[in-house]
1. Pull up the range 146-166, narrow it to residues that are under 18 Å from the mean Cα position of the chain (by Cα) and under 15 Å from GLN244 (Cα atoms), then point me to the one that is surrounded by the fewest Cβ atoms within 10 Å (Cβ to Cβ).
2. I'm trying to understand the selection: among the residues of the range 104-118, which are open to solvent by 10 Å² or more (accessible area, probe 1.4 Å) and in a loop (DSSP other than H, G, I, E, B)?
3. Mind telling me which of the residues GLU279, GLU257 ends up being at pLDDT below 95, among the charged types (D, E, K, R), under 26 Å from VAL129 (Cβ atoms) and in a helix (DSSP H, G or I)?
4. Which count do you get for residues in the range 192-206 that are outside any loop (DSSP other than H, G, I, E, B) and in contact with a helix residue (DSSP H, G or I) (Cβ under 9 Å, 6 or more places away or on another chain)?
5. What pairs come out if I take residues in the range 62-78 that are free of Cβ contacts under 8 Å to residues at least 40 places away in the same chain and pair them with residues that are open to solvent by 30 Å² or more (accessible area, probe 1.4 Å) and assigned to a loop (DSSP other than H, G, I, E, B) whose C-beta lies under 7 Å away, six or more apart or interchain?
6. Return yes when SER44 is modelled with pLDDT under 95, open to solvent by 40 Å² or more (accessible area, probe 1.4 Å), of a type in the set (Ser, Thr, Tyr) and touching a helix residue (DSSP H, G or I) at 6+ places or on another chain (Cβ under 6 Å) and no when it is not.
7. Out of the residues in the range 198-255 that are open to solvent by 50 Å² or more (accessible area, probe 1.4 Å) and small (Gly, Ala, Ser), state the one that is farthest from LYS152 (Cα to Cα).
Amino acid sequence: MAAFKVAMSVDSYMIDAEQDFSFQNLTPERIVDALAAVGVDPQSGLLALNSYENRVYQFTADDQRRYVAKFYRPARWSDAAILEEHQFTLELAQEEIPAVAPLLLHGTTLHCYQGYRFAVFPSVGGRAVEPGDLDQLERIGRQLGRLHAVAKQGQFQHRPSMNLPVDLEAALAALRSSPLLPAGLHDAFFTIAELITTQLQQVDLSVFAQQRLHGDSHLGNMLLRDEQLMFVDFDDARTGPAIQDLWMMLAGEDRAECTLQLDVLLEGYQEFCDFDLREVQLIEPLRSFRIIYYMAWLARRWNDSAFQRAFPWFAEQRYWEQQVLTLKEQYAALQEPPLQLQPQY
């Protein structure tokens, strides 16, 4: 594969513990000025898209084409980590794998304006993928197999690797410090959360092959455009086992349905990339981790007013009651044997 390196000469954004890491100063005027600084002239209004971790806006430029400007949450990633994400998507695009990659403007894909880092992407429309559709799952498997075949040709140096024990401890610490968990549910919640954590701490991901990943590969991050499947949002790209990019595609309500869906997904995947069937045992541990990590993510970001508007139920008693039940169900799922697939791939 021909080398294509993203320029790293962008002015470094220095992370300062005393700096305001919010988006409160990211006004529409500042966004337009930032885009003008890289030669992009919005002719329409800025349409805020459904993004919480970052701030993402769609607009039409003076060339009458639609673009998306993504302003990164300050202090979350280093410049080098963001540029590695960009490099990964550019490699995929170069291999004609449908992935939305940023535009190269003034020799780089990452820009900085008055403390805010941003990138500009082409706007790609499309419709959502239907969960559980077996024909679509086989196509998704093929696309993920192609993506992983490219991913295995390089390594991340600046983006994180999955580490369940470390990441879980950080997530539980965030939840313990959150004032949103009702006092009356505190003991019940942490009793079951810590049981799950104890079991997940025994899961050693390092015994499986590690590779570059999309990292947050679920149906919401795929679009159907002109009958082509398109990957979007590589913001959580990281290193880990291949199954992390596969298991969230499963939408079955019972083991038999999930087994069938996984079988179809892997049938497409294995046309382009080998898969270690041992990784199937990681599905329920990774699902358990995601449940806890998602709650911790909301707790960490709760001071961001965008989260309070989008997830008001996170502060309600009934949400936490439901989460106790969800964790109990998930703990039971961890006690069951993994899905069984025939080694026919």
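The values are calculated or read from the model by the stated rules, or taken from the named source; none is laboratory data. Everything numeric in this text was worked out from a predicted model, so none of it was measured. Neighbour counts are summed over all protein chains in view; Cβ atoms, including those assigned to glycine, are modelled from backbone coordinates with ideal geometry. Quick note on the areas: whole protein, heavy atoms, side chains included, nothing else; ligands and nucleic acids left out. Shrake-Rupley method; radii C 1.70, N 1.55, O 1.52, S 1.80 Å.
1. SER161
2. Within the range 104-118, LEU104, HIS106, GLY107, GLN114, GLY115 meet the criteria.
3. Unique residue meeting the criteria: GLU257.
4. 9
5. Note: pairs meeting the criteria are ASP62/ASP41; ASP62/GLN43.
6. Details: modelled with pLDDT under 95: yes; open to solvent by 40 Å² or more (accessible area, probe 1.4 Å): yes; of a type in the set (Ser, Thr, Tyr): yes; touching a helix residue (DSSP H, G or I) at 6+ places or on another chain (Cβ under 6 Å): no.
Spelling it out, it is not the case that SER44 is modelled with pLDDT under 95, open to solvent by 40 Å² or more (accessible area, probe 1.4 Å), of a type in the set (Ser, Thr, Tyr) and touching a helix residue (DSSP H, G or I) at 6+ places or on another chain (Cβ under 6 Å).
7. Checking each candidate, the answer is GLY220.
Table: residues versus (1) open to solvent by less than 50 Å² (accessible area, probe 1.4 Å); (2) on the phi < 0 side of the Ramachandran plot; (3) modelled with pLDDT of 95 or more.
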| residue | (1), (2), (3) |
| --- | --- |
| PRO74 | yes, yes, no |
| PRO102 | yes, yes, yes |
| ASP135 | no, yes, no |
| ARG139 | no, yes, no |
